[in-house]
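The values are calculated or read from the model by the stated rules, or taken from the named source; none is laboratory data. Everything numeric here is computed off the predicted structure, so don't read it as measured data. All Cβ positions, even for glycine, are placed from backbone atoms using ideal geometry, and neighbour counts span all protein chains on display. The protein model used for the area step is the full one, side chains on, heavy atoms only, and it has no ligands, DNA or RNA in it. Shrake-Rupley method; radii C 1.70, N 1.55, O 1.52, S 1.80 Å.
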Amino acid sequence: MSITVFVPRDAAALAVGADKVAAAIEREAASRGTSIRVVRNGSRGMLWLEVLVEVETDQGRVAYGPIKPSDVPSLFDAGFLAGGAHARCHGLTEEMPFLKSQTRLTFARCGITDPLSLDDYRQHGGLQGLEKAVAMAPADIVRQVTDSGLRGRGGAGFPTGIKWKTVADAAADQKYIVCNADEGDSGTFADRMIMEGDPFVLIEGMAIAGIAVGATKGYIYTRSEYPHAIAVMEEAIRIARNAGILGACVMGSTYAFDLEVRMGAGAYVCGEETSLLNSLEGKRGIVRAKPPLPALQGLFGKPTVVNNVMSLASIPVIMARGAQFYRDYGVGRSHGTIPIQLAGNLKHGGLYETAFGMTLGQLVNDIGGGTLSGRPVKAVQVGGPLGAYFPPSLFDTVFDYEAFTAAGGLIGHAGIVVFDESVDMLNQARFAMEFCAVESCGKCTPCRIGSTRGVETADKIAQGIEPEKNRQLLADLCNTMKFGSLCALGGFTPYPVMSAMTHFPEDFAPTPLVEAAE
């Protein structure tokens, strides 16, 4: 009987040689006359241990990592196919502290199943939500999602059930489900991990959404920088269509739903839903004024649900386990779990799914292990390049939508990027303005011009030119951008700038002008 060995096909693992490791394992097994089966699974999210190789034993899966091709002969010598001791052995995967302390609902299968095996998906609880949905009235599905307390995981935190009800109640001959998979924030990779490691959960979530609101067509809009995710999603859609999960009769019901993947060109602003819709229609990706809302006049002018990957991938467990099961996780008005992405100067970078309620300090120090450099943490940016910078004095902030808003920040797509004491926060503020200037669609003046003037003003502060006057000017620019921009690109750029100025004023202190050499 063949022994099953798991080697991730996740992009993060591929980047550090997963294909070569898989090939080396197969070669070594063949040379020793050992029968094995190599499964290319998704990542477990412990990125500092990639390539993480697992072997199925009678006791459960045993993990080894990080593994390079040159480590493979010693793995076989150590009897790793039976879970043997090795310098890179971590014991049973499920007992590893980073994994064991998580609450994995959305990522329950990621890293465990073969991403393109529908049998694996079913055996690990997949399609239970869709099976229940096809037997329910659409309004009851919407009610269950509403009662679960699920809020948009893309960053806005808007109640998903309310958005669905708006589309469901709209009268139209055609409606759409659009999945926003344009994951462009720095330090974020949860969407990519799901698409590469458990694509059927996204397909199932979108099909349930379609049934709930009366949409028969769906689109997954992702970025050209995700070639592996695109390939896996397209193959998974083909498999689902052939199995009757998608098509004219979803799961043998009277409901029709089909979907396809569309690739964007990597414009950050196309992560904003109306820019995304324009791009999806073949137009230039620029922001639309609201109203009308996409829920009423979205893709091709039709009622459209636009949800993030994590929002849609959370739907199957809500339908399978019930609204109350999901709602019981979390704190305050932040219900369920959130896949937090730990990145930057951190010992243990990776994906950590947990219920809302942990503090920022716990996530950085206890889960992330502190800085990789060994220097003290100076700042933590939460929510991508437009997220606020938090100093260690705010590490008691609870990971919760309202708590972060009260602290002058935003959770966004739940990416956490850590910086040690060597970072210059004036440079970080300048980068935020420069990023906005480069990525702006150009439609509104506060974003287009304000960010350009912001870069110039930050440079003047750095050069010691009228520092007090220019600090005030930078704050005024932020105020104009925050309240005058059409979308969140210009509207959120002030968060990193103002938080840097507020919490790290010493980095904005005046420096004397350097006189030109005579």
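Counting every C-alpha pair in segment 409-485, the share spaced more than 22 angstrom apart comes to 30%. Each Cα pair under 8 Å and six or more residues apart adds its sequence gap; the mean of these over the residue count of segment 423-518 is a relative contact order of 36 percent. With Rh defined as the Kirkwood radius, the inverse of the mean 1/r over Cα pairs, the Rg/Rh of segment 380-518 is 0.99.
Over segment 115-167, what lengths in whole Å, largest first, do the semi-axes of the equivalent ellipsoid take, defined as the square roots of 5 times the eigenvalues of the alpha-carbon gyration tensor? Don't jump to the answer; show the numbers that get you there.
On the way: eigenvalues 123, 52, 13 Å².
Taking √(5λ) for each eigenvalue gives 25, 16, 8 Å, largest first.
Does segment 144-252 come out rounded, prolate or oblate by the C-alpha gyration tensor, with a ≥ b ≥ c the root eigenvalues, rounded set by a/c under 1.5 and, if not, prolate when a/b is larger than b/c and oblate if not? Note, shape of segment 144-252 comes out oblate. Put a plus charge on the Cβ of each Lys and Arg, a minus charge on the Cβ of each Asp and Glu, and nothing anywhere else: the dipole of the chain about its Cα centre is then about 1140 debye.
Label separation (residue 228 vs residue 296): 4.4 nm, computed from points 7 Å beyond Cα along the C-beta direction. Here the accessible area of segment 244-286 is 54 percent carbon and sulfur, with a 1.4 angstrom probe and all protein chains present. Amide H to amide H distances under 5 Å link residue 410 with 388, where only residues 5 or more positions off or on other chains count and H is placed in the peptide plane. Computed from the C-beta positions of residue 242 and residue 162 and an R0 of 41 Å, the FRET efficiency is 0.70 to the nearest 0.05. Applying 1/(1 + (r/R0)^6) with r as the Cβ-Cβ distance of residue 172 and residue 123 and R0 = 41 angstrom yields a FRET efficiency of 0.60. Taking a Cβ cut-off of under 12 Å around residue 130, the surrounding Lys, Arg, Asp and Glu residues balance to a net charge of 0, with basic ones at +1 and acidic ones at -1. Taken per residue, the accessible surface of the chain reaches 39 Å², heavy atoms only and a 1.4 Å probe.
Taking the DSSP bridge list for the chain and keeping only pairs wholly inside it, about 55 percent are antiparallel.
Count charges around residue 458 for me, please; just the other residues with Cβ under 12 Å from its Cβ, Lys/Arg as +1, Asp/Glu as -1. With Lys, Arg at +1 and Asp, Glu at -1, the net is -1. FRET efficiency for residue 135 and residue 85, Cβ-Cβ distance as r, R0 = 56 Å, nearest 0.05? The computed FRET efficiency comes out at 0.65.
Scoring 176-183, 157-164 by mean Cβ neighbours within 10 Å over their residues and listing the highest first yields 176-183, 157-164. Note that segment 94-189 shows a convex hull volume over its alpha carbon atoms of 168 Å³ per residue. Select from 380, 206, 124 the residue farthest towards the positive end of the dipole of the chain; place +1 on Cβ of Lys and Arg, -1 on Cβ of Asp and Glu, and compute about the Cα centre. Among 380, 206, 124, the one farthest towards the positive end of the dipole of the chain is 206. Shown here is the pair-distance distribution of segment 309-403: with all Cα-Cα distances grouped in 5 Å bins from zero up to the longest one, the shares run 3, 12, 21, 24, 17, 11, 8, 4, 1, 0 percent.
Shape index of segment 391-430: Rg/Rh, with Rg the Cα radius of gyration and Rh the Kirkwood radius from the inverse mean 1/r over Cα pairs, equals 0.99. Here the accessible area of segment 423-483 is 52 percent carbon and sulfur, with a 1.4 angstrom probe and all protein chains present. Quotient of the Cα radius of gyration of segment 65-112 and 2.2 N^0.38 Å, N being its number of residues: 1.38. Scanning the chain for DSSP H helices at least 15 Å long along the axis (C-alpha atoms) with a Kyte-Doolittle mean no lower than 1.0 picks out 199-213, 309-321.
Rg/Rh for the chain stands at 1.00; both radii use Cα atoms, and Rh follows the Kirkwood definition. Of the three principal axes defined by the Cα atoms of segment 234-340, the extents in descending order read 42, 41, 26 Å.
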